[in-house]
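A.B. asks: One structure follows; several queries about it will come next.
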Amino acid sequence: QVHLVESGGGLVQPGGSLRLSCAASGSIFSAYSMGWYRQAPGKQRELVATITSIGWANYADSVKGRFTISRDNAKATVYLQMSSLKPEDTAVYYCHAALGLNGNWGQGTQVTVSS
């Protein structure tokens, strides 16, 4: 089991940037594949980006070139750097940790892109 706590959300203007952080505790962080997902009101939760235990990253088409996922195993933290934000990026962003068939979610952090 791993406990996840997200931070860094907030209100930003279109075209702006934010960096989300997800701090993990309780297990061997470096063994986990980590991901960021988001859920907008009235919509299903969707994948934003994932990063494997060895650092291979994958992105949703909607965020490619604008978002960057990274991890610091020494700090047991995964980050999501978001740039060129659009109103359609508004959602609750969730961190996810996966190891085999097991997965854990964080509580989410709200990102609102609005002028």
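The values are calculated or read from the model by the stated rules, or taken from the named source; none is laboratory data. Fair warning: this is a prediction, and the values are worked out from it, not measured in the lab. Positions of Cβ are backbone-derived with ideal geometry, glycine not excepted, and every protein chain shown enters the neighbour counts. Only protein heavy atoms, including side chains, enter the accessible area calculation; ligands, DNA and RNA are left aside. Shrake-Rupley method; radii C 1.70, N 1.55, O 1.52, S 1.80 Å.
A.B. asks: Percentage of Cα-Cα pair distances in the chain greater than 24 Å, rounded to whole percent?
C.D. replies: So the portion of pairs separated by more than 24 Å is 19 percent.
A.B. asks: Here's another thing I want to ask about it. Ignoring trypsin sites (Lys or Arg not before Pro) that are buried or in helix or strand per DSSP, and keeping those with at most 16 other beta carbon atoms within 10 Å, what is the longest stretch of the chain between them? Before the final figure, lay out each step's value.
C.D. replies: Working: sites that count: LYS43, ARG45, LYS64, ARG66, LYS75.
By the stated rule (loop sites, at most 16 other Cβ atoms within 10 Å), 1-42.
A.B. asks: Here is a further query. Which whole-angstrom value gives the distance between the alpha carbon centres of the stretch 1-54 and the stretch 60-115?
C.D. replies: Between the Cα centres of the stretch 1-54 and the stretch 60-115 lies a distance of 3 Å.
A.B. asks: Now for a different question. Run the numbers for SER84 and LEU47: contour at 0.36 nm per residue of separation, minus the present Cα-Cα distance, in nm. If you can, show how the numbers build up before the last one.
C.D. replies: Values: separation 37, 0.36 × 37 = 13.32 nm, distance 1.83 nm.
Roughly 11.5 nm would be gained on extension.
A.B. asks: Antiparallel versus total DSSP beta bridges in the chain: what percent is that, nearest 5? Mind showing how you got there, number by number?
C.D. replies: On the way: 39 of 42 bridges.
Roughly 95 percent of the DSSP beta bridges within the chain come out antiparallel.
A.B. asks: Also, quick follow-up: Could you check how much of the accessible area of the chain is carbon and sulfur, as a whole percent, using a 1.4 Å probe?
C.D. replies: Numbers: 3080 of 6070 Å².
Heavy-atom surface of the chain belonging to carbon and sulfur, 1.4 Å probe: 51 percent.
A.B. asks: Now for a separate question. Using a 7 Å offset from the Cα along the Cα-to-Cβ direction at both THR112 and ALA40, what is the distance between the two label points in nm, to one decimal?
C.D. replies: 1.6
A.B. asks: Is the shape of the stretch 26-74 best called rounded, prolate or oblate, per the rule: a/c under 1.5 gives rounded, else a/b larger than b/c gives prolate, else oblate, with a ≥ b ≥ c the square roots of the Cα gyration tensor eigenvalues? Intermediate values should be presented prior to the final figure.
C.D. replies: Details: a/c = 2.95, a/b = 1.60, b/c = 1.84.
Cα axes put the stretch 26-74 in the oblate bin.
A.B. asks: Let me ask something else about it. If I model a spin label as a point 7 Å beyond the Cα along the Cα-Cβ vector, how far apart are those points for VAL5 and SER30 in nm?
C.D. replies: Each label point lies 7 Å from its Cα, and together they span 2.3 nm.
A.B. asks: Which residue, chosen from THR112, THR52, CYS95, occupies the Cα position most advanced towards the positive end of the dipole of the stretch 48-115, where the dipole is computed from +1 (Lys, Arg) and -1 (Asp, Glu) charges on Cβ about the Cα centre?
C.D. replies: Result: THR52, furthest along the dipole toward the positive end.
A.B. asks: Keeping all protein chains in the complex and leaving out DNA, RNA and ligands, what accessible area do you get for THR52 with a 1.4 Å probe, in Å² to the nearest 10?
C.D. replies: Answer for THR52: close to 40 Å² accessible.
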